[in-house]
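See structure below.
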Amino acid sequence: ACLVGSEMCIRDRYNIQEGRYTKIGRLVSFQLRLQLSSKGSGNNNVRIGGLPFTPSTNGVNHDYFHMTSIVGCNLGAGRVPFAQLEDYSNGRITLWSFDYASGSNYAELNSTDIDNNFNMGMQGNYVV
C-alpha cells in the first residue's frame, strides 16, 4: 500500500511501508502500516492505494476500514478518523474525519492535516 497524492504514489518518502493480506475466495482481509519520512509539498486529499486486488463494485457501497495508531495528524478537537473505499477501479482508500458532536461534519484529510512524521495503521476486508 502507499499514500497517494496527485495521482502519484510517494514511495520514496517512507520510513515504514508494510502490509499483509489473506484472500479466501472473494474476500480479502488486509493490514497495513505506513510511516512517512516526508509528506512532500502537495495539497491533495490523503488516499491510500496499492491494494493487492481490485475491489468489486457490487455490494456494499463505500466499504469502511479501521484506522489505528495515528501519529502526526491534526484532526481537531472531538474528531475521529475513518477510512472509506471510494475509487474501486483503482483500489484507493480515502482518509476522513468525523465530528461526533455535530453528527454530520465529515471532512477528507488533506496534506495540511498530516505532518512529515505521519504514522498510521489500518485493517479491513473487501470483496473482489
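Regarding residue 128, is this residue more than 27 Å from residue 15 (Cβ to Cβ) and either open to solvent by less than 60 Å² (accessible area, probe 1.4 Å) or out of contact with any Ser or Thr (no Cβ under 6 Å at 6 or more places or on another chain) (or both)?
Details: more than 27 Å from residue 15 (Cβ to Cβ): yes; either open to solvent by less than 60 Å² (accessible area, probe 1.4 Å) or out of contact with any Ser or Thr (no Cβ under 6 Å at 6 or more places or on another chain) (or both): yes.
So residue 128 passes the test.
Considering the conditions (1) touching a residue at least 40 places away in the same chain (Cβ under 8 Å); (2) under 14 Å from the mean Cα position of the chain (by Cα); (3) in a loop (DSSP other than H, G, I, E, B), residue 30 is excluded by exactly one of them, (3).
Select from segment 26-71 the residues that are of a type in the set (Asp, Glu) and in contact with a Gly (Cβ under 6 Å, 6 or more places away or on another chain) and list them in ascending order. Passing the criteria: none in range.
Of the residues 68, 54, the single one that is out of contact with any Asp or Glu (no Cβ under 9 Å at 6 or more places or on another chain), at pLDDT 80 or above and part of a loop (DSSP other than H, G, I, E, B) is 54.
Residue count for segment 18-44 satisfying the condition of being open to solvent by 50 Å² or more (accessible area, probe 1.4 Å) and at pLDDT below 85: 4.
Output the residue which, of all residues in segment 84-125 that are part of a strand (DSSP E or B), without any contact (Cβ under 8 Å) to a residue 40 or more places away in the chain and among the polar types (S, T, N, Q), is most open to solvent (accessible area, probe 1.4 Å). Full working, then the answer.
Going through segment 84-125, the residues part of a strand (DSSP E or B) turn out to be 84-87, 92-99, 105-108, 110, 114-125.
So of that shortlist, the ones also without any contact (Cβ under 8 Å) to a residue 40 or more places away in the chain come out as 84, 86, 96-99, 105-107.
Next, only the ones that are among the polar types (S, T, N, Q) stay: 84, 97, 105.
On the way: 84: 19, 97: 7, 105: 67 Å².
Among those residues, the one meeting the criterion is 105.
The values are calculated or read from the model by the stated rules, or taken from the named source; none is laboratory data. Quick caveat: nothing in here was measured; it's all calculated off a predicted structure. Reconstructed Cβ throughout: ideal geometry from the backbone, glycine too, with neighbour counts over all protein chains shown. We work out accessible area using only protein heavy atoms, side chains counted, and drop any ligands, DNA or RNA first. Shrake-Rupley method; radii C 1.70, N 1.55, O 1.52, S 1.80 Å.
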